[in-house]
Number of protein chains: 4
Amino acid sequence: MKKLTAALLGSTGAVGQRYISMLERHPFIKLDVLMGGRSAGGNYGQSARWLQADAIPEEFAAKKVLASVPESARGCDVVFSALPAAAAAAIEPKFAMSGFSVISEASAHRMDQDVPLVVPEINPEQLGIIEVQKRRRKWKGSLVTTPNCTATGLVMVMKPLLDRFGLARAIVTSMQAVSGAGFPGVPSLLITENVIPYIKDEEEKVVAESRKILEHPVEGGMRHPGIEIAISCNRVPVIDGHTETLYGEFPGAVEPDEVADSLSAFRGLPQKLRLPSAPEQPIIIRDEPDRPQPRLDRLSGSVPGMSVVVGRVRRGIGDNSVQLTLVSHNTIRGAAGTAILTAELMQNQGYLGRPG
Amino acid sequence: MKKLTAALLGSTGAVGQRYISMLERHPFIKLDVLMGGRSAGGNYGQSARWLQADAIPEEFAAKKVLASVPESARGCDVVFSALPAAAAAAIEPKFAMSGFSVISEASAHRMDQDVPLVVPEINPEQLGIIEVQKRRRKWKGSLVTTPNCTATGLVMVMKPLLDRFGLARAIVTSMQAVSGAGFPGVPSLLITENVIPYIKDEEEKVVAESRKILEHPVEGGMRHPGIEIAISCNRVPVIDGHTETLYGEFPGAVEPDEVADSLSAFRGLPQKLRLPSAPEQPIIIRDEPDRPQPRLDRLSGSVPGMSVVVGRVRRGIGDNSVQLTLVSHNTIRGAAGTAILTAELMQNQGYLGRPG
Amino acid sequence: MKKLTAALLGSTGAVGQRYISMLERHPFIKLDVLMGGRSAGGNYGQSARWLQADAIPEEFAAKKVLASVPESARGCDVVFSALPAAAAAAIEPKFAMSGFSVISEASAHRMDQDVPLVVPEINPEQLGIIEVQKRRRKWKGSLVTTPNCTATGLVMVMKPLLDRFGLARAIVTSMQAVSGAGFPGVPSLLITENVIPYIKDEEEKVVAESRKILEHPVEGGMRHPGIEIAISCNRVPVIDGHTETLYGEFPGAVEPDEVADSLSAFRGLPQKLRLPSAPEQPIIIRDEPDRPQPRLDRLSGSVPGMSVVVGRVRRGIGDNSVQLTLVSHNTIRGAAGTAILTAELMQNQGYLGRPG
Amino acid sequence: MKKLTAALLGSTGAVGQRYISMLERHPFIKLDVLMGGRSAGGNYGQSARWLQADAIPEEFAAKKVLASVPESARGCDVVFSALPAAAAAAIEPKFAMSGFSVISEASAHRMDQDVPLVVPEINPEQLGIIEVQKRRRKWKGSLVTTPNCTATGLVMVMKPLLDRFGLARAIVTSMQAVSGAGFPGVPSLLITENVIPYIKDEEEKVVAESRKILEHPVEGGMRHPGIEIAISCNRVPVIDGHTETLYGEFPGAVEPDEVADSLSAFRGLPQKLRLPSAPEQPIIIRDEPDRPQPRLDRLSGSVPGMSVVVGRVRRGIGDNSVQLTLVSHNTIRGAAGTAILTAELMQNQGYLGRPG
């Protein structure tokens, strides 16, 4: 595979650090440029408040953090963005305009009609919007986004249920890890021995983004499958790994066993293409009554943290409904990992190319 | 009010201790007899692994723990039972047979058709079954039960919604405190920095018991209102206070504001009777977006721990549904407190009387 | 007792809130003026991110937050300061200069030679420095400080050991609650399922402040008793309550039982004067092998949170040493409570008086 | 290296599981026989309450759990024991008598005069006692023990300080993880948002075992170096990784920098022999002010969990003392890992041999 040179916006934050850990030994993506805001100018090792257990890889510790301007990324094939929303809104378009392929975690542009919102296993075809985007915005480059961490795990489970059984309605409750709030994020004074039943704007994002991702291509555009979603988002004292209960309603009777089987059998385009960050099994089914659990299951699978783990698949109120619980790693599958997988897919599909 | 003398089965366990704390200064119930299993024979202060922050009240510390036989309770007007299910199944009927009025936390007999399952604010009329029970079982005394801790908070919120708006379906996810599992209960090795998405038999209990409690009297018996319930029960690293998200569906359109108002306005018979353990407001509505939280709200209200705190009352998917979050103290409202309130109500309604 | 009217600097922060809770029902101190920084101008209920379980007392919720200038406190007999250090350094002297009696939690002036650093039970005589202070600084008012939360519990235990047994050396390890870091304070991402073995500047403060507090008056000034202290400060995932292990060395042999007895028997001037915030027993000894514990013991005593709880009093390496563990509530005894008790003592001793 | 066939006593418990994880891919130790108590007879996968995040290795899941009798281990070169103390006292001697080389985690025989208590880096020479043991006990096999988890990390740090600077006294406070108590171990109801300042018998074990390990060979036996140790053991809400603060006193002046350097430079016999479970660096020094932390540092080093991580090396009260903080993984370095490393060392030194 051709080598890809990458730059990273928002490199010193919690998600930025996850990119660095994940890209350290990537077979063909070389993270070459680290960019920052106030931290620009210093060495990465001094600028980042490193939160991972592993030490900062030496090659990155010594790297200079550059300013968040397109010039910094010269020569790069892809620009990852782990910027907060407000900064993303201002900065990402400048890179796309300058000819860079930007892949962003930020919520700023996710819901723009001409911006793909992609989970590679679920809706790779949405990358096709890039052409419309470039034309309309007169950009030499492009902007692709990946969804909110809670939406990511959810759509990965909903998609096979939608395709196979016509999932019509999802009532969801999330129990989300504190790392989802970034750093410094949730004060320990608030979350220790507690549940916080609210995360600002999260429920709206999960519903809107999940619906956009599950849209399917029709002549002349995309069409929404009519699926209805309600969610209650909660914060719990867990470091990594979002847990979600899903109550799903279907147009007809479904058997929990069939649901489990079709989740377990699900494979997406990244699996077919054997992309390096694609887990062999996107969804792992656990049969034990008390799984999945975030602390035990968040790093499951052949690419740790990239599989969604599902358990407790059982009947709902009648034959037309099923309940289940899922765990998804929020900063791997729900952030850096999906973005990296998106880069791998875009490379494979010919969407990446250097400006200039 | 006439003084009531009480005995306590299962006095040394976690729930038993809560009775002792709550009855220490009760205006008319005097806890006189403490009973235990293997702990019988010693002083309470030595036998109980005391888990409360307050010290053991001195009068109880020095009390001898008696054997769990009807003779021990001689002279008592009411026998509270905080026994585990298996012991309750064997021991409680002996007390009822001997003429005692037994009020039990245990699940053993909750679903027996001739055993009232009571939350005093919600279904005081179910005490009427006692007559049938005594006749059928040829008991001189009686057995009344109170529900599972998760069911208790849930039915308190469902009842006003059922009466006023005809609540038809409830999709619930619970995030339950570790104290609900008793002592030693949940190993810290399992629950620290984790969510356990399963509690043995809990979901079945919540559904069945909630339905039994919400039945209404019709000619010749009780009739179920047809309400449908599904629940996912989870354990979270919280000491006290169960949090539940409720997605409710109604036959017609409901306004979240009306829902909040009718919950806030709800009063039951214990409030009308001004029973000492009845909180002025059974349901407290919090308007802040991030409430209720178990650590902050579990001891709310005029009788700490006896009010259910509700927040985030908002629309569900369409006009016919509403979502909300509730917190209920699992060992007060969900256990000892509701049992004590039941004793107060039974005393008021003339159901209590000494054997002999 | 004559009524005291009080003003509060730093009213919206975590410690400020503790003052409001503690003064709500004080027998003779009336908290009349709330001051803030950026929050000045709004209502307290809107400006404060209220962190206590009890609701904001209504009278305070509606109060306007005033600017942090002496004019705001006009008519007040005492000004409490819960300001952060930098703000305290700038603001507190202005109030003292204007004639106010300022009692401060802040570290800014604690080590100034002419500023009393007081724990009322331990060194009430240090209030005598006020005269020197007023003369030297030409202040109409005065500034009195209370120590760091970890030092407070420690000196309360060291003082009786110093007086009775001549404690010569203390090797201490603290396990401190997150509330000690204020709000937002310690990120949950750092402290969940973890110990952080460092708190910036804390060890230096504890050593220096403890030594200053334990000084005794000699002709012409104060003299240090020569006690040596070393401490390792750690943060642990506890909400409230600092735990400290103390290894104490003495010039001669001591019996652990005598140590326990003399701690238990210790009474200070506030106890003799029956000041309202003085707990009957400043130090409570627990005999159980596994006490004190922060969650169970932090609110012990006749004035909840004002007693230090000590346990595990046992021999050290030889006859000349003793080991013990103590728990002290860091935002009550270690902050607001000691400041309020200081105000009570100053009032009693004639140190308070309105400017003008 | 010659292959070793191993058997495991206490295979289904928490420490037993750690052996299985660590030996799954060992270069020359093949774990062939799993033994259990009540679990004997079933398949391992069904009998063990598996607590590790990784799934049970398939080969072990299907293995039958055998009875804990010497016949079960026939053909094995070494028998690891993860038994609780009481079972160990009864069972281990039977294996040693039958000719097996037993390496035990259990406390039962650690302090027996003719039983080596070994940390391979620290006192490999203590294996020499085996000859005395065999003669005195008339055993065909032998029994070697490894120390308590808290003692292990401590002696690894004390030994270089003893050898180089003559460490004379250690005042220690531990903050221990819940996994050290096994399964089910510490109830979450006790440890959540809390510190428990006591672990039964732990302090006595740490002191006695550390002293035995640090003994040095003299003519005709071993001699104690005269080092004095006092420790306060605490349980904190951490899953894995014991943190310890150490205040060390020396006969003369020492520089913290020299202390750090000599810890960092320390290598033992296992490093020289390049044993597979020997970390390149037994002690890792971290320079950041807020390290080591159990969650971030417990899996450090070239063999994850086998290095002790030390930080905050600084002066104590005077020139003759130093303070530092260490983190050591309690179930790897403090249990299974040290036992496996001991087996590697014994194999290398010719101590292992099949009963024949």
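Where a number appears in this text, it was derived from the coordinates with a stated rule and is not lab data. Just so we're clear, the structure is a prediction, and the values are computed from it rather than from any experiment. FYI the Cβ positions are ideal-geometry reconstructions off the backbone, even for glycines, and counts take in every protein chain you see.
For a Förster distance of 22 Å, can you work out the FRET efficiency between the beta-carbons of C:D32 and C:M111, rounded to the nearest 0.05?
Calculated transfer efficiency: 0.10.
Just for chain A, what percent of DSSP beta bridges are antiparallel, to the closest 5?
Counting DSSP beta bridges with both partners in chain A, the antiparallel share is about 45 percent.
Measure up D:K64/D:K212; B:K64/B:K94; C:K138/C:K159; A:K2/A:K134; A:K63/C:K205 against 30 Å on the Cα-Cα distance and list the ones that go over.
Among D:K64/D:K212; B:K64/B:K94; C:K138/C:K159; A:K2/A:K134; A:K63/C:K205, the Cα-Cα distance tops 30 Å for D:K64/D:K212; C:K138/C:K159; A:K63/C:K205.
Compute the signed sum of charges (Lys and Arg +1, Asp and Glu -1) over the other residues within less than 11 Å, Cβ to Cβ, of D:A260.
Taking every other residue near D:A260 into account, the sum is -2.
Under the rule a/c < 1.5 gives rounded, and otherwise a/b versus b/c splits prolate from oblate, where does region A:247-356 land using the Cα gyration tensor?
Prolate, since a/c reaches 1.5 and a/b exceeds b/c.
Which whole-Hz ³J(HN,Hα) couplings does region C:37-43 yield from phi under the Karplus relation 6.51 cos²θ - 1.76 cosθ + 1.60, θ = phi - 60°, glycine and proline marked x?
x, 5, 7, 4, x, x, 7
Could you tell me which residue in chain B puts its beta carbon nearest the axis mapping B onto D, with the distance rounded to whole Å?
B:S188, 2
For region C:64-198, just the Cα atoms, rotate onto the principal axes and tell me the three extents in Å, largest first.
The principal-axis extents, from largest down, are 47, 44, 20 Å.
Could you pull the copy-to-copy label distances for B:K140, with points set 7 Å along Cα to Cβ, in nm to one decimal and sorted shortest first?
7.1, 8.3, 9.9
Given 4 °C and 1.567 mPa s, compute D for region B:10-101 with the Stokes-Einstein relation, Rh being the Kirkwood radius over Cα pairs; round to the nearest whole µm²/s.
97 µm²/s
Which value, in nm² and rounded to one decimal, describes the direction-averaged projected area of the C-alpha convex hull of region C:149-329?
11.3 nm²
Looking at the protein assembly as shown, what % of its DSSP beta bridges pair antiparallel, to the nearest 5?
Expressed as a percentage, antiparallel bridges in the protein assembly as shown total about 45.
Using a/c under 1.5 as the rounded threshold, could you call region B:83-155 rounded, prolate or oblate? The axes a ≥ b ≥ c are square roots of the C-alpha gyration tensor eigenvalues, and prolate needs a/b larger than b/c, oblate otherwise.
Oblate, since a/c reaches 1.5 and b/c is not below a/b.
Counting DSSP beta bridges with both partners in region A:149-329, what percentage is antiparallel, nearest 5?
70 percent
Mind telling me which of C:G252, C:G311, C:G36 comes out most flexible in a GNM of chain C, alpha-carbon contacts under 10 Å?
Looking only at C:G252, C:G311, C:G36, the largest GNM fluctuation is found for C:G252.
If each Cα of the protein assembly as shown is one equal point scatterer, what is log10 of I(q)/I(0) from the Debye formula at q = 0.07 Å⁻¹?
The Debye formula, applied to the Cα set alone, gives -0.86.
Once phi is turned into θ = phi - 60°, what whole-Hz ³J(HN,Hα) does the Karplus curve with 6.51, -1.76 and 1.60 give for every residue of region C:112-120, x standing for Gly and Pro?
4, 5, 9, 10, x, 10, 10, 10, x
Where does the charge balance sit around A:A170 when Lys and Arg score +1, Asp and Glu -1, over other residues with C-beta under 12 Å from its C-beta?
So the environment of A:A170 carries a net charge of 0.
Note down the relative contact order for region D:1-70 as a percent, whole number, built from C-alpha pairs under 8 angstrom at least six residues apart.
With pairs under 8 Å counted, the relative contact order is 35 percent.
If every alpha-carbon in region D:135-205 counts as one equal scatterer, what log10 I(q)/I(0) does Debye give at q = 0.11, 0.26 1/Å?
These q points yield log10 I(q)/I(0) values of -0.47, -1.24.
For the protein assembly as shown, what is the calculated [θ] at 222 nm in deg cm²/dmol (nearest 500), taking -39500 (n - 2.57) for each run of four or more DSSP H residues and dividing by its residue count?
After summing the helix terms and dividing by residue count, I get -8000 deg cm²/dmol.
So what is the orientation-averaged projected area of chain D, using the convex hull of its C-alpha atoms, in nm²?
Averaging across all directions leaves 17.1 nm² for the Cα convex hull.
Quick one: if you stick a label point 7 Å off each Cα along the C-beta vector at C:D319 and A:A86, how many nm between them?
6.9 nm
Need one word for region A:123-254: rounded, prolate or oblate. Basis is the Cα gyration tensor (sqrt eigenvalues a ≥ b ≥ c); a/c below 1.5 gives rounded, then a/b vs b/c decides.
In terms of gyration-tensor shape, oblate.
For region A:178-279, state which GluC sites (Glu not before Pro) are in a DSSP loop and have at most 16 other beta carbons lying within 10 Å of their beta carbon.
When the GluC sites (Glu not before Pro) of region A:178-279 are filtered for loop state and at most 16 Cβ neighbours within 10 Å, A:E219 remain.
Charges on Cβ only, +1 for Lys and Arg, -1 for Asp and Glu, centred on the Cα centroid of chain A; of A:P217, A:A88, A:V259, which one is farthest towards the dipole's positive end?
A:A88
Taking Cα centroids, how far is region A:74-108 from region A:283-356 in Å?
So the two Cα centres are separated by 25 Å.
Mind checking region D:1-106 for chymotrypsin sites (Phe, Trp or Tyr not before Pro) that DSSP puts in a loop (not H, G, I, E or B) and that have at most 14 other Cβ atoms within 10 Å?
For chymotrypsin sites (Phe, Trp or Tyr not before Pro) across region D:1-106 that sit outside H, G, I, E and B with at most 14 neighbouring Cβ atoms in 10 Å, the list reads D:F28.
Only Lys, Arg, Asp and Glu count, each charged at its Cβ (+1, +1, -1, -1), so figure out the dipole size of chain A about its Cα centre, rounded to 20 debye.
Magnitude of the dipole: close to 1240 debye.
How many nanometers, to one decimal and shortest first, lie between the label point of B:D32 and those of its other copies, if labels sit 7 Å from Cα toward Cβ?
5.5, 7.1, 8.9
Give the separation of the Cα centroids, region C:203-236 to region A:1-56, in Å.
46 Å
Once amide H atoms are built 1.01 Å from N in the peptide plane, which residues 5 or more positions from A:L66, or in another chain, come under 5 Å H to H?
When sequence neighbours closer than 5 places are left aside, the close amide H contacts are A:L34, A:M35, A:G36, A:G41.
Can you list the copy-to-copy distances for A:R274, using a point 7 angstrom from Cα toward Cβ, in nanometres, shortest first?
3.4, 8.1, 8.8
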